[in-house]
Amino acid sequence: MIDLRSDTVTRPTDAMRAAMAHAPVGDDQFGEDPSVNALQERVAALLGHEAALFVPSGHMANQLALKLFTAPGDDVIVGRESHAVWHETGAGAAIAGVQFTEIGTDGRFLPAELAAAIRPRGHLVQAPTTLVEVEDTQNRMGGLVWDRPVLEGVIAVAREAGVATYLDGARLLNAAVARGEEPAALAAPFDLVSIALSKGLGCPVGSVLAGAAELMAPLRRYRRMLGGALRQSGILAAAGSYALDHHVERLAHDHAHARLIADRLAAAAGVVLDATAVETNIVVFRLDEGAPDAATVVARAAARDVAVMAFAHRTVRAVTHLDVSRADCERAAEVLADAVTAA
């Protein structure tokens with residue numbers, strides 16, 4: 001099976017497993033796991049922040065950001081079809097008690113759009129905007145990358161309004177590699193940022209939050225509150241350190257493989273896709289009314305050992321990663337094109 005459902009399906013390499021097996025460990029709840037501490041210090045420096053916190057998942061990282069910066073009843077501004085709204089089982093409402101305001105058109109938004117959407121504190125009837133959340137890369141829109149000047153403009157508007165900023169950078173390193181940017185150039189201006197280790201970097205578990213040192217104590221408290229207290233988690237952190245050493249530059253291969261798939265699909269009748277917009281490792285394509293629906297395309301591809309995901313009735317997603325080769329992606333592209341065009 002050529003599994004393109006997500007970049008979370010990867011398995012640790014033998015070398016990563018060896019690093020995990022030999023990791024020095026301690027009790028992270030007491031701050032005594034040397035492998036965790038080393039990873040946190042490294043990610044903080046990578047992202048241009050003072051300190052960092054290892055957490056079990058990107059979902060938890062996003063919930064911790066909400067707990068840190070908002071109160072129940074607050075408003076959080078996000079891009080359209082953001083992960084926080086579409087893929088976290090309503091956790092923002094259930095755990096943090098916030099509402100979301102989606103702005104922009106493609107998961108990204110402009111500073112002027114943010115300025116127009118911010119709701120002031122103390123309004124008689126409106127929920128106050130206390131946080132703006134940016135998702136880079138933007139998952140549901142096909143791994144779109146934010147332009148750095150736009151990010152800087154968004155942050156400037158938020159600061160002027162006294163609104164906190166959080167970067168859901170689960171695939172931030174994909175964005176940095178795609179644009180030739182240093183990760184810190186994209187992440188440092190935000191109040192808080194997260195990166196995922198279990199997506200493009202190929203680790204089995206984990207994300208890392210980075211921000212000011214003073215934020216770590218409340219984040220640790222909220223991590224425990226959500227059941228994320230960790231013990232000898234250096235076994236997992238060692239995988240993250242290994243990935244940062246060996247799996248970052250190779251993200252460019254994933255991007256090239258995704259573009260290969262996109263170019264083939266864009267030429268297929270019934271597919272709606274701008275291949276030139278595919279910069280990272282996610283290909284989201286839509287199906288014309290005359291084409292089969294997404295469920296049919298997924299089933300046809302699966303019958304030929306290619307796994308992809310239906311994102312909507314007429315939307316399909318394919319994600320490249322370190323467990324699929326160029327030859328795999330060439331074959332998958334042909335299978336997917338046939339799945340759309342076959343009678």
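The values are calculated or read from the model by the stated rules, or taken from the named source; none is laboratory data. Computed from a prediction, not measured in an experiment: that's the story for all the values here. Methodologically, a virtual Cβ is constructed for each residue, glycine included, from the backbone with ideal geometry; neighbour enumeration extends over all protein chains shown.
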Exercise for review: Determine whether Pro56 is touching a Ser or Thr at 6+ places or on another chain (Cβ under 9 Å), under 21 Å from Ala238 (Cα atoms) and surrounded by fewer than 17 Cβ atoms within 10 Å (Cβ to Cβ).
Suggested key: no
Exercise for review: For residues that are touching a helix residue (DSSP H, G or I) at 6+ places or on another chain (Cβ under 8 Å) and assigned to a loop (DSSP other than H, G, I, E, B), scanning just region 62-73, find the one that is farthest from Gly169 (Cα to Cα).
Suggested key: Pro72
Check your understanding: Across region 21-36, what is the total count of residues that are out of contact with any Gly (no Cβ under 7 Å at 6 or more places or on another chain) and part of a helix (DSSP H, G or I)?
Key -> 4
Exercise for review: Give the residue, chosen from Ala310, Ala291, Ala301, that is outside the structural domain of Ala175 (by TED's automatic domain parsing), buried (at least 21 other Cβ atoms within 10 Å of the Cβ) and farther than 21 Å from His253 by Cβ.
Suggested key: Ala301
Check your understanding: When you look at Val248, is it touching a Ser or Thr at 6+ places or on another chain (Cβ under 6 Å), under 28 Å from Gly180 (Cα atoms) and among the β-branched types (Val, Ile, Thr), yes or no?
Key -> no
Check your understanding: Tally time: how many residues in region 29-42 are more than 25 Å from the chain's Cα centre (by Cα), under 15 Å from Met216 (Cα atoms) and touching a residue at least 24 places away in the same chain (Cβ under 8 Å)?
Key -> 1
Study note, to complete from the structure: Screening Ala258, Ala210 for residues that are touching a strand residue (DSSP E or B) at 6+ places or on another chain (Cβ under 7 Å) and in a strand (DSSP E or B) leaves only Ala210
Practice item. Sort out which residues of region 213-236 are of a type outside the set (A, V, I, L, M, F, W, C) and in a loop (DSSP other than H, G, I, E, B), and write them in order of number. Key: Gly227, Gly228, Arg231, Gln232, Ser233
Check your understanding: Listed residues Asn62, Asn37; which is surrounded by fewer than 20 Cβ atoms within 10 Å (Cβ to Cβ) and either touching a strand residue (DSSP E or B) at 6+ places or on another chain (Cβ under 8 Å) or at pLDDT 95 or above (or both)?
Key -> Asn37
Revision key, fill the gap. Expected single match for in contact (Cβ under 8 Å) with a residue 60 or more places away in the chain and of a type in the set (Asp, Glu) among Asp7, Asp74, Asp14 is Asp7
Review point. Quick check: anything in region 128-145 surrounded by fewer than 17 Cβ atoms within 10 Å (Cβ to Cβ) and either of a type in the set (Gly, Ala, Ser) or touching a strand residue (DSSP E or B) at 6+ places or on another chain (Cβ under 9 Å) (or both)?
Key: no
